[in-house]
Each structure stands twice: as C-alpha cells, then as structure tokens.
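Student: Sharing a structure with you now.
The values are calculated or read from the model by the stated rules, or taken from the named source; none is laboratory data. Computed from a prediction, not measured in an experiment: that's the story for all the values here. So basically every Cβ, Gly included, is an ideal-geometry build from the backbone, and we count neighbours across all protein chains shown. Protein only, heavy atoms only, side chains kept; ligands, DNA and RNA dropped before computing areas. Shrake-Rupley method; radii C 1.70, N 1.55, O 1.52, S 1.80 Å.
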Amino acid sequence: MDEKTTQARQASCLSFITTLFPEETFQFVEQQTLPDAFGHTGTHITFKSALRELKLSFVSQAHSRFERVFLAEKTASSPFFSRMMEATYEEGQLYIHHVLKSD
C-alpha cells in the first residue's frame, strides 16, 4: 500500500471514530500489517484518546470489492480489546455493517 493510500485510510478511520465519539480527541498510535493464521495479511490501525483505545482491523475479501473492518475497543475498565462493530471499507469510506456492542 503506498503512502498516499495509507494516509487516506488513516484519515477516513479518524473521521469515522470522531463521528462515533465526538466528545473525545483521538491521536493516531500505529499501523501494522500482519499475517493471520491462514497466511493472509491484515492491516491494524490504532487510535487512542484519554478514555479509550480503538483498533480497526482490515481484512481483504476474496471478491476484492471491499474490505471487512472490525472495530475493537479497550478501556481502563476493560483492559482487553473487545469488538464493538463490523464495517466495510470501500472506495475510501467506512460503512457500518452491524453493531456488536452498544451502550
């Protein structure tokens, strides 16, 4: 993935999470590309605010029309990441697919 695409993806993610949590200010932490148990690579982008850490995990699909995205949250009361929702990433935009955890 080239630098321009990487920056566009990070900006899209930041816009998405800022919409979900408008009262918080998030900072980019890191981006990692790692293989899964089946040898496919996935990209993980992490953002952090004073209250929570969010990880967006991108998984390519066989049809290549979009990527599935899993949003996970870690807070002081929950020290391990837990999935909040699933989304799709298509043409530079994140779209909520379904919510797994709501308040």
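Student: I need the full set of residues from the range 59-83 which are within 14 Å of the chain's Cα centre (by Cα), modelled with pLDDT of 90 or more and open to solvent by less than 80 Å² (accessible area, probe 1.4 Å), in order please.
Tutor: Residues satisfying the conditions are Val69, Phe70, Leu71, Ala72, Glu73, Lys74, Phe81, Ser82.
Student: Considering each residue of the range 1-53, count those that are under 13 Å from the mean Cα position of the chain (by Cα) and among the basic types (Lys, Arg), and give that number.
Tutor: Counting residues in the range 1-53 that are under 13 Å from the mean Cα position of the chain (by Cα) and among the basic types (Lys, Arg) gives 2.
Student: Of the residues in the range 12-30, how many are open to solvent by 60 Å² or more (accessible area, probe 1.4 Å) and of a type in the set (Gly, Ala, Ser)?
Tutor: Residues flagged as open to solvent by 60 Å² or more (accessible area, probe 1.4 Å) and of a type in the set (Gly, Ala, Ser) within the range 12-30 amount to 1.
Student: Of Phe28, Phe47, which residue is touching a helix residue (DSSP H, G or I) at 6+ places or on another chain (Cβ under 7 Å), at pLDDT 95 or above and more than 21 Å from Val99 (Cα to Cα)? Lay out the reasoning, then the answer.
Tutor: Details: Phe47 fails: more than 21 Å from Val99 (Cα to Cα).
Only one candidate qualifies: Phe28.
Student: Report, ordered by the first and then the second residue, all pairs with beta carbons closer than 9 Å, sequence separation of six or more or different chains, a first member in the range 1-26 that is under 24 Å from Leu51 (Cα atoms), and a second member that is hydroxyl-bearing (Ser, Thr, Tyr) and open to solvent by less than 20 Å² (accessible area, probe 1.4 Å).
Tutor: Arg9/Thr43; Ile17/Ser49; Phe21/Ser49; Glu24/Ser49; Thr25/Ser49; Phe26/Ser49
Student: Farther than 12 Å from Tyr89 by Cβ, open to solvent by 30 Å² or more (accessible area, probe 1.4 Å), assigned to a loop (DSSP other than H, G, I, E, B) and not basic (Lys, Arg) - does that describe any residue in the range 45-58? First the steps, then the outcome.
Tutor: First, pick out the residues of the range 45-58 that are farther than 12 Å from Tyr89 by Cβ: 46-55.
Add one more test, that the residue is open to solvent by 30 Å² or more (accessible area, probe 1.4 Å), and what stays is 48, 50-53, 55.
From what's left, assigned to a loop (DSSP other than H, G, I, E, B): 50-51.
Right, trim to not basic (Lys, Arg) and you get 50-51.
Yes - at least one qualifying residue is present in the range 45-58.
Student: Of all residues in the range 84-99, which are surrounded by fewer than 13 Cβ atoms within 10 Å (Cβ to Cβ), within 13 Å of Ser15 (Cα to Cα) and not small (Gly, Ala, Ser)?
Tutor: The answer is Gln93, Tyr95.
Student: Considering only the range 27-54, state which residues are of a type in the set (D, E, K, R) and either without any contact (Cβ under 8 Å) to a residue 24 or more places away in the chain or more than 19 Å from Arg83 (Cβ to Cβ) (or both). Don't jump to the end; show me each part of the working.
Tutor: Taking the range 27-54 first, the residues of a type in the set (D, E, K, R) are 30, 36, 48, 52-53.
Within the range 27-54, Glu30, Asp36, Lys48 qualify.
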